[in-house]
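The values are calculated or read from the model by the stated rules, or taken from the named source; none is laboratory data. Fair warning: this is a prediction, and the values are worked out from it, not measured in the lab. In this analysis, Cβ positions are derived from the backbone assuming ideal geometry, glycine residues included, and neighbour counts consider all displayed protein chains. Just the protein is used for accessible areas: all its heavy atoms, side chains included, with ligands, DNA and RNA removed. Shrake-Rupley method; radii C 1.70, N 1.55, O 1.52, S 1.80 Å.
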Amino acid sequence: MGCATSKRSKRPPGYEEPTVLAAETPFTVSEVEALHELYKKLSNSIIADGLIHKEEFQLALFKNRNRSNLFADRIFDLFDVKRNGVIEFGEFVRSLGVFHPNAPVADKIAFAFRLYDLRQTGFIEREELKEMVLALLHESDLVLSEDFVQTIVDKTFSEADTKGDGKIDLEEWKEFVSKHPSLIKNMTLPYLK
């Protein structure tokens, strides 16, 4: 009603109090405050609006904002919970929470599943797995023959698709990851320990 300015009105869009975020994630208040400093740098690296855009995310992850990368696009899409084309601070902290050493393994498994479920059907299909394997190899500058990539996909499906329906659902994924925990080892950021 009035035109009184407050500290809150100067907060960027999507800002949430560190105490609230700490209560909802594995992070402490001081870790959330440190993440806010990182967030401010990332969210103003190209467009100074206090929001992380896809190009800024690409730049932060891969030091290149122009190179298309399926892996980075998928992570961005998973972090952009509101599906509005930007990552707000609350989304950033909640999404990073899955990478905390104290985050439940079930959350890590579910995040990895959603990462591979490119078409968001609730299943990982052969073509999706192949696309992700190729993207990860490309990002690592590894080159494998088409036959070898197909062998990886076939072996994964022969083990993971226990129902034999040509797709991997979340339950099958959980079982597969329990036999191959290295699939989610990168889901924990060790410097948070």
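Counting just the residues of the stretch 51-68 that are open to solvent by less than 30 Å² (accessible area, probe 1.4 Å) and assigned to a helix (DSSP H, G or I), which one comes out farthest from Lys174 (Cα to Cα)?
Glu56
Name the helices (runs of 4 or more DSSP H) wholly inside the stretch 69-168 in which the number of residues that are loosely packed, with under 12 Cβ neighbours inside 10 Å is 1 or more.
Qualifying helices (runs of 4 or more DSSP H): 105-116, 126-139, 146-160.
Kindly provide the set of residues from the stretch 19-50 that are part of a helix (DSSP H, G or I), of a type in the set (S, T, N, Q) and out of contact with any Asp or Glu (no Cβ under 7 Å at 6 or more places or on another chain), ordered by number. I'd like the intermediate steps shown before the answer.
Pass one, the stretch 19-50, residues part of a helix (DSSP H, G or I): 19-24, 29-43.
This time we only want the ones that are of a type in the set (S, T, N, Q), so: 19, 30, 43.
If the condition is that a residue be part of a helix (DSSP H, G or I), of a type in the set (S, T, N, Q) and out of contact with any Asp or Glu (no Cβ under 7 Å at 6 or more places or on another chain), then Thr19, Ser30 are the ones that fit.
Look at the stretch 22-50 and say how many of its residues are open to solvent by 40 Å² or more (accessible area, probe 1.4 Å) and out of contact with any His (no Cβ under 7 Å at 6 or more places or on another chain). Lay out the reasoning, then the answer.
At the first step, the residues of the stretch 22-50 found to be open to solvent by 40 Å² or more (accessible area, probe 1.4 Å) are 23-24, 26, 28-31, 33-34, 37-38, 40-41, 44-49.
From what is left, the residues that are out of contact with any His (no Cβ under 7 Å at 6 or more places or on another chain) are 23-24, 28-31, 33-34, 37-38, 40-41, 44-45, 48-49.
Looking only at that region, the number is 16.
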